[in-house]
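Beneath this line is the structure, given in structure tokens, with notes to follow.
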Amino acid sequence: MEIRIRVANPAGNITIFVMDRVKTEAYSAIARQLLKREELHAEQVGFVETKEGQGMHMQMMGGEFCGNATRSFGYLLSMLSKDKPKEVMVDVSGSEKVLKAEVDLEEGTSRVEMPVPLEIKEIHLGEEGVYPVVVFEGICHMIVESEPRDQEFVNRLMKKAEQICPCDAYGVMFLQGKNMVPVVYVKETDSMVWESSCGSGSMGAAVYLSQAKENGWYICELHQPGGVIEVSVCREQGKVTACKMGGPVTISEEMKALYNTSNRSLRIRFAHNKLWNAEG
């Protein structure tokens, strides 16, 4: 089976878009193979679907919501459109409503409206402390105000989170001032990645940081291993009423991947026609 792919780079959070329709039951296997490709440096995979009479939809590999993939999808739609619109409506997994992306192809940026958080919970991890959990549709983010801890700590925190807020994906955001290191786990693909940047995690951190603001916009830049993401939170009488997130985006030329459904092997033909092989 031949599938077309493009690689998006939103502040280092490398996202592969599968451009051809494939069977939903193959999503996890294809995503796992693509994530194995070290030369792609990918951290996540999104599948572009065409809904009859409703335009294009982007489904993340585990059904989760991803802010960076969402704004990259908006950038991609504008880039592929004849009119190159500066505003694009994007339909993505993990969000009940269609979101608006503001795209600047000349500057290479995309800013997207984000779902507002459903609630903020707390995780009690015994003597290790209490950690806030910002809950969005499809993903929950835990905020840890410290330098990055080890993987065992991340695992304990995520295991506890699964008990109090069942979700498609979980993130741990290690926050020091305006510097952040994200870790994200997606259940469907059983993938744990220390990401270069995380859009929804940045949003979660901004919601947490803005709690003291009663009214108006809270805006900050969060510096992450792969780049900087600007996040904005609007509050009215303390309640979050709007969220936005943006930053740089680049998107590759189209490549072709040959996926063998019998042995789950994958070959990718890059734009410069060099062929790579990976066994499942």
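The values are calculated or read from the model by the stated rules, or taken from the named source; none is laboratory data. Small disclaimer: the values here were computed from a predicted structure and weren't measured. Cβ coordinates were reconstructed from backbone atoms using ideal geometry, including for glycine residues, and neighbour counts include every protein chain displayed.
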Requested in this report: Find the residue count for segment 15-42, including only residues that are surrounded by 22 or more Cβ atoms within 10 Å (Cβ to Cβ), modelled with pLDDT of 95 or more and either under 14 Å from the mean Cα position of the chain (by Cα) or farther than 20 Å from GLY67 by Cα (or both).
Outcome: 2
Requested in this report: Kindly indicate which of GLU147, GLU106, GLU122 is part of a strand (DSSP E or B), surrounded by fewer than 13 Cβ atoms within 10 Å (Cβ to Cβ) and not aliphatic (A, V, I, L, M).
Outcome: GLU122
Query raised in the report: When only residues in segment 125-144 that are hydrophobic (A, V, I, L, M, F, W, C) and closer than 17 Å to VAL193 by Cα count, which is surrounded by the fewest Cβ atoms within 10 Å (Cβ to Cβ)?
Result: ILE143
Query raised in the report: over 30 Å from ARG37 (Cα atoms) and within 17 Å of the chain's Cα centre (by Cα): does that describe ALA206?
Result: yes
Query - Some residue of segment 60-67 being under 23 Å from VAL184 (Cα atoms) and in a helix (DSSP H, G or I) - result: yes
Query - Check on PHE73, among the hydrophobic types (A, V, I, L, M, F, W, C), surrounded by 21 or more Cβ atoms within 10 Å (Cβ to Cβ), touching a Ser or Thr at 6+ places or on another chain (Cβ under 6 Å) and in contact (Cβ under 8 Å) with a residue 40 or more places away in the chain - result: no
Report task. Kindly provide the set of residues from segment 94-103 that are farther than 14 Å from SER72 by Cβ and crowded, with 21+ Cβ neighbours inside 10 Å, ordered by number. Result -> GLY94
Report task. Considering only segment 191-222, state which residues are closer than 16 Å to MET245 by Cα and among the hydrophobic types (A, V, I, L, M, F, W, C). Result -> CYS198, MET203, ALA205, ALA206, VAL207, LEU209, TRP217, ILE219, CYS220, LEU222
Report summary line: Those residues of segment 74-121 which are in contact with a Phe, Trp or Tyr (Cβ under 7 Å, 6 or more places away or on another chain) and not aliphatic (A, V, I, L, M) amount to SER93, GLY94, SER95, SER110, PRO115, PRO117
Report task. Specify which of the listed residues (LYS84, LYS97) is of a type in the set (D, E, K, R) and either assigned by TED's automatic domain parsing to the domain that holds VAL233 or within 19 Å of the chain's Cα centre (by Cα) (or both). Result -> LYS97
Query raised in the report: Of all residues in segment 169-196, which are in contact with an Asp or Glu (Cβ under 9 Å, 6 or more places away or on another chain) and either buried (at least 20 other Cβ atoms within 10 Å of the Cβ) or not assigned by TED's automatic domain parsing to the domain that holds GLU221 (or both)?
Result: ALA169, TYR170, GLY171, PHE174, LEU175, VAL181, PRO182, VAL183, VAL184, VAL186, GLU195, SER196
Query - Residues that are touching a residue at least 40 places away in the same chain (Cβ under 8 Å) and small (Gly, Ala, Ser), drawn from segment 153-170 - result: ALA169
